[in-house]
Amino acid sequence: MDYITVIGLEVHVELNTASKVFCGCKAEFSSEPNIHCCPRCTGMPGALPALNRKAVEYTVAAGLALHCNISRFSTFERKNYFYPDLPKAYQISQLEYPLCVGGYLDIKTEAGDKRINLNRIHLEEDAGKLVHAASGGTYVDYNRGSIPLIEIVTEPDLRSADEALTFLESLKSVIKYTGISDCRMEQGTLRCDVNVSLCRPGEPYGTRTEMKNLASFKAAHRAVMYEAKRQREILSDGGQITQETRRWDDVKGKSFTMRTKEDAQDYRYFPDPDILPIKLSGEYIESIRQGLPMLPGVRARLYIDKYKLPKYDAEVLTADKEVADFFDACVRLYDNPKIISNWVMTDIMRKLKENKEAEDIFIPLSPDAFTQMLKLLAAEEINQNAAKTIFEAYWKGDGRSPAQLIEELGLAQISDSSALEDILKGIVAANPNAVKDYRAGNTKAIAYFVGQAMKATKGAASPAVVNGLIKKLLE
Ligand SMILES: [Zn+2]
């Protein structure tokens, strides 16, 4: 009997608060090292932490968006370990009473929707960053130290690398909707570790390994595939899995032992005596719930009910907030959701996919100019070809109005029969063989004449008018 792959994730999300979690230093990325530091975030003796309210609010918002139970009572602990990126030699984190408990996220799988349960979400501080210089030596930058970070821990409910990838994408979408983080893996504002173990159906979970250093979702996917295969080979040979932390090397496509797994008690967690427990009122939690934006699932249902869009379209349109916001802005200007949806689902999605290396979705179209173009198309003032030309121009950042573009690029649709008739007469005269073909019963020759007419008018002829005229001329 084959093994089942059991996967759990720990996702770290840096919150985009203005200041750090226990001091007033700016919580922003800077290319100049060590400019956002103070005695508090570098752990100087006697400096006392003061909790950032916004960080608590954002953690609760994440918890509510992910259906967690929000703790009315919550505490902070010190997680002790020594490393140069942590000048205090302990990280302030939450162990006993995290802010959010339980929760879930439903993901789409080939077998239908699947609920992935969460264990918890807690608030902690980020560590500094080590910079390994090319000339040798290592430097440390404490700008990132003490920026608020939430850790989202799943239950081991994921069963394949594909499910893990889908979960990460869906989680990123939900978090970005809440606006508490920009979730950029490149800048490290979203990071994840994966736990993998194997077991046979019906048996308890096997020994797990934890994998770190996953720089992208793609790397996480590859790492899970690799690790499951590695463990399967060891077990099939009668070997045992060592509980350990492994480091993924994406260039080599392999993972390597980093350290054998420490248990929580090795960190000697103890309550932080400088930070009072947090007590949250029901009203406070409710006010954060009221402030949450409409999340992807709810928004998709609205699109189905209100705009009568197919479920698939509604889900694609709402998967990313940027796309859904663009769609909404267009519908407000041009009340034809189906036409707008068709363009977004095809041309815009294709453009976004071409640029999928970019972590942020950006639609460089103004809803105003884009919907003006759609209206001209609907009024048959331009044809589909011209619309695509205008779309391409806008995507490249052309600032001209549709009217200007039509004028300057000669895109106006030629529907005037007399103007087209002269052009068509010329084409018929120049192609006696095609005329013979047509008269011999090859009706496909029509397509040839239409093609020639489009070419002669640089795509501006109305295909419907050309079709009618050419038949008349040939018969
Ligand atoms: Zn500070």
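The values are calculated or read from the model by the stated rules, or taken from the named source; none is laboratory data. Computed from a predicted model, the values in this text were never measured in an experiment. Every residue, glycine among them, receives a Cβ derived from its backbone with ideal geometry; neighbour counts consider all protein chains shown.
May I ask you to say which residue of I340, I278 is farther than 30 Å from L405 by Cβ and either of a type in the set (A, V, I, L, M, F, W, C) or in contact (Cβ under 8 Å) with a residue 40 or more places away in the chain (or both)?
Working: I340 fails: farther than 30 Å from L405 by Cβ.
I278 is the lone residue from the list that is farther than 30 Å from L405 by Cβ and either of a type in the set (A, V, I, L, M, F, W, C) or in contact (Cβ under 8 Å) with a residue 40 or more places away in the chain (or both).
Applying the set (1) more than 29 Å from E169 (Cβ to Cβ); (2) in contact with a Phe, Trp or Tyr (Cβ under 7 Å, 6 or more places away or on another chain) to Q384 leaves exactly one unmet item: (2).
Take P98 and decide whether it is closer than 27 Å to C23 by Cβ and either within 15 Å of the ligand (Cβ to nearest atom) or acidic (D, E) (or both).
Details: closer than 27 Å to C23 by Cβ: yes; either within 15 Å of the ligand (Cβ to nearest atom) or acidic (D, E) (or both): no.
Taking the combined requirement at face value, the residue does not satisfy it.
Determine, yes or no, whether F370 is modelled with pLDDT of 85 or more and surrounded by 15 or more Cβ atoms within 10 Å (Cβ to Cβ). Write out each step before concluding.
On the way: modelled with pLDDT of 85 or more: yes; surrounded by 15 or more Cβ atoms within 10 Å (Cβ to Cβ): yes.
Spelling it out, F370 is indeed modelled with pLDDT of 85 or more and surrounded by 15 or more Cβ atoms within 10 Å (Cβ to Cβ).
Being within 13 Å of the ligand (Cβ to nearest atom), more than 24 Å from V194 (Cα to Cα) and either among the β-branched types (V, I, T) or surrounded by fewer than 17 Cβ atoms within 10 Å (Cβ to Cβ) (or both) is the requirement here; does V56 meet it? Before the answer, list the steps.
Numbers: within 13 Å of the ligand (Cβ to nearest atom): no; more than 24 Å from V194 (Cα to Cα): yes; either among the β-branched types (V, I, T) or surrounded by fewer than 17 Cβ atoms within 10 Å (Cβ to Cβ) (or both): yes.
Considered against the rule, which asks whether it is within 13 Å of the ligand (Cβ to nearest atom), more than 24 Å from V194 (Cα to Cα) and either among the β-branched types (V, I, T) or surrounded by fewer than 17 Cβ atoms within 10 Å (Cβ to Cβ) (or both), V56 comes out as no.
Restricting attention to segment 445-475, the residues that are among the charged types (D, E, K, R) and at pLDDT 80 or above total 3. Scan segment 1-48 for residues that are within 12 Å of the ligand (Cβ to nearest atom), polar (S, T, N, Q) and in contact with a helix residue (DSSP H, G or I) (Cβ under 9 Å, 6 or more places away or on another chain) and the total you get is 1.
Residues in segment 236-294 that are basic (K, R) and under 30 Å from S71 (Cβ atoms): K261, R268, K279, R289. Anything in segment 214-271 that is among the β-branched types (V, I, T) and in contact (Cβ under 8 Å) with a residue 24 or more places away in the chain? List them, or say none. If the condition is that a residue be among the β-branched types (V, I, T) and in contact (Cβ under 8 Å) with a residue 24 or more places away in the chain, then V224, I241, T242, T245 are the ones that fit. Within segment 225-261, how many residues turn out to be outside any strand (DSSP E or B), closer than 13 Å to R208 by Cα, modelled with pLDDT of 90 or more and under 33 Å from the mean Cα position of the chain (by Cα)? Total satisfying the criteria: 6.
Enumerate the strands (runs of 3 or more DSSP E) found wholly within segment 111-216, keeping only those where 2 or more residues are surrounded by 21 or more Cβ atoms within 10 Å (Cβ to Cβ), within 16 Å of the ligand (Cβ to nearest atom) and not acidic (D, E). If you could, list the steps in order and put the result at the bottom.
On the way: elements: 112-125, 129-132, 138-141, 148-154, 190-199, 209-214.
Of the strands (runs of 3 or more DSSP E) lying wholly inside segment 111-216, those with at least 2 residues that are surrounded by 21 or more Cβ atoms within 10 Å (Cβ to Cβ), within 16 Å of the ligand (Cβ to nearest atom) and not acidic (D, E) span 148-154.
Taking the stated definitions as given, is I288 assigned to a helix (DSSP H, G or I), touching a residue at least 24 places away in the same chain (Cβ under 8 Å) and under 27 Å from the mean Cα position of the chain (by Cα)? For I288, the condition - assigned to a helix (DSSP H, G or I), touching a residue at least 24 places away in the same chain (Cβ under 8 Å) and under 27 Å from the mean Cα position of the chain (by Cα) - is met.
Using the structure shown, decide if E77 is assigned by TED's automatic domain parsing to the domain that holds F167, modelled with pLDDT of 95 or more, farther than 26 Å from G179 by Cα and more than 16 Å from the ligand (Cβ to nearest atom).
Values: assigned by TED's automatic domain parsing to the domain that holds F167: yes; modelled with pLDDT of 95 or more: yes; farther than 26 Å from G179 by Cα: yes; more than 16 Å from the ligand (Cβ to nearest atom): yes.
Against the criterion (assigned by TED's automatic domain parsing to the domain that holds F167, modelled with pLDDT of 95 or more, farther than 26 Å from G179 by Cα and more than 16 Å from the ligand (Cβ to nearest atom)), E77 qualifies.
Is it the case that segment 375-385 has a residue that's surrounded by fewer than 16 Cβ atoms within 10 Å (Cβ to Cβ), under 30 Å from K321 (Cβ atoms) and small (G, A, S)? Scanning segment 375-385 turns up at least one residue that is surrounded by fewer than 16 Cβ atoms within 10 Å (Cβ to Cβ), under 30 Å from K321 (Cβ atoms) and small (G, A, S).
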